[in-house]
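Worksheet: the structure to be examined is printed underneath.
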Amino acid sequence: MYAQMIKSEATQDDPEKLAAFQARIDAGEKIEPKDWMPEGYRKTLIRQIGQHAHSEIVGQLPEGNWITRAPTLERKAILLAKVQDEAGHGLYLYCAAETLGVSRDEITEMLLDGRMKYSSIFNYPTLNWADIGAVGWLVDGAAIMNQVPLQRTSFGPYSRAMIRICKEESFHQRQGYDAIRQMAEGTPEQKKMAQDALNRLWYPSLMMFGPSDKDSVHSAQSMAWKIKMNTNDELRQKFVDQTVPQAEYLGLTIPDPDLKWNDERGHYDYTDPDWSEFFDVIKGNGPCNVDRLAARNKAWDDGAWVRDGLLAHAKKKAARQHAAE
Ligand code: BYC
């Protein structure tokens, strides 16, 4: 439906302008907010950047849940800094989306009433401390795999936001790997917890890259516009190839009995996630969808007085300025 809308909008754009726009993209130029752009390009970016921003914000919930229960003061300080970084990422991304003519309030409301998505991964729970290590290792690891190429994306504000975000995400991934390493090298019970976290979070992490290429609705057009730099399967394969040796180093087992190195391909062969589960989760039926949206709706409602106060202040200031002119 969305793809159809974009297609029909794209064909309404002036063909000469479209060709000149595509030539700029092909030449590797950055598109800036005031430049002419096809309506489909603008809408695709709002969808992707908005979904990304929402993921950063909703992503604070499963980790924030463990700040008060971190095992040491050091781990608590690290986790607190990480969760604050995610809020910052959300804000850069909302700002990048605003340059496309949509307000942060508008896209927030679209998240809150279910019209916009956030990453499927955050609909899974974090049941114990090992999950926090695994989130840093696997979830931030998958996020970086996706986001490093996005530093070269064609839309200037998105690309610049990604450069800063990637620096922080790589710290997040390393702290997660360090936390899970400590568990894996700890008591037999701690090692069991680390293995259990890997068992539960492996496939949801693979799902973060989106559906397989044959089911990806937006990839072809998004890659032609350099909004996406790789297909979903390409990035998923890179993530598997990078993560398997990391798990081996920890002495943990990836929960995929068919996982094996393929000499011919130069990659690991692996089992795809259960795609029916993925589509069910993004439809709203994952284990935590209801809780996550309820928490964000509550935060939005609880913050209404702050927004009202700021708005009243801005209105008063504008009226004073108007009277003085
Ligand atoms: N979850 O045609 P496709 C983070 C939807 S990490 C939910 O392949 P596209 C963080 C997709 O929206 C995560 N929905 O789509 C890490 C589309 O539905 P609509 C954030 C998904 O856009 C640690 C439909 O499925 N990163 O923030 O070309 C701590 C068909 O898919 C998912 C980003 O967002 C999913 N996993 O490719 C804290 C990176 N996958 O919209 C925070 C930027 C697909 O037509 N985003 N869908 O209704 C992207 O690179 C791309 O949007 C995706 C999907 C690869 C995710």
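The values are calculated or read from the model by the stated rules, or taken from the named source; none is laboratory data. Just so it is clear, the model here is predicted, and its values are computed rather than measured. Glycine also receives a Cβ, built like all others from the backbone with ideal geometry; neighbour counts cover every protein chain displayed. These accessible areas exclude ligands, DNA and RNA; they are computed on the full protein's heavy atoms, side chains included. Shrake-Rupley method; radii C 1.70, N 1.55, O 1.52, S 1.80 Å.
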### Task
Count the net charge of all other residues whose Cβ sits under 13 Å from the Cβ of Glu169, scoring Lys and Arg as +1 and Asp and Glu as -1.
-1
### Task
State, as an integer percentage, the relative contact order of the chain based on alpha-carbon contacts under 8 Å between residues 6 or more apart.
18 percent
### Query
Name the trypsin sites (Lys or Arg not before Pro) in region 260-312 that are in a loop by DSSP and that have at most 16 other C-beta atoms within 10 Å, would you?
Arg265
### Task
Any chance you could check the Cα centroid distance between region 157-206 and region 264-312 for me, in angstrom?
18 Å
### Message
Under a crude label model (7 Å from the Cα following the beta-carbon direction), how far is Leu259 from Arg160 in nanometres?
### Response
4.0 nm
### Task
Before rounding to the nearest 500, sum -39500 (n - 2.57) across all DSSP H runs of length at least 4 in the chain and divide by the residue total; then give [θ] at 222 nm in deg cm²/dmol.
-21500 deg cm²/dmol
#### Entry: Per residue value of the accessible surface for region 103-197 (all protein chains in place, 1.4 Å probe), Å²
41 Å²
### Query
Tell me, what % of the accessible area of the chain is carbon and sulfur with a 1.4 angstrom probe?
56 percent
### Message
Show me, for region 267-274, the HN-Hα J-couplings you get by feeding each phi into the Karplus relation (A = 6.51, B = -1.76, C = 1.60, θ = phi - 60°), rounded to Hz, glycine and proline as x.
### Response
9, 7, 7, 9, 8, 5, x, 6
#### Entry: Rounded accessible area of His313 (nearest 10 Å², 1.4 Å probe)
110 Å²
### Task
With a probe of 1.4 Å, find how much accessible area region 229-325 has per residue, and write the answer as a whole number in Å².
66 Å²
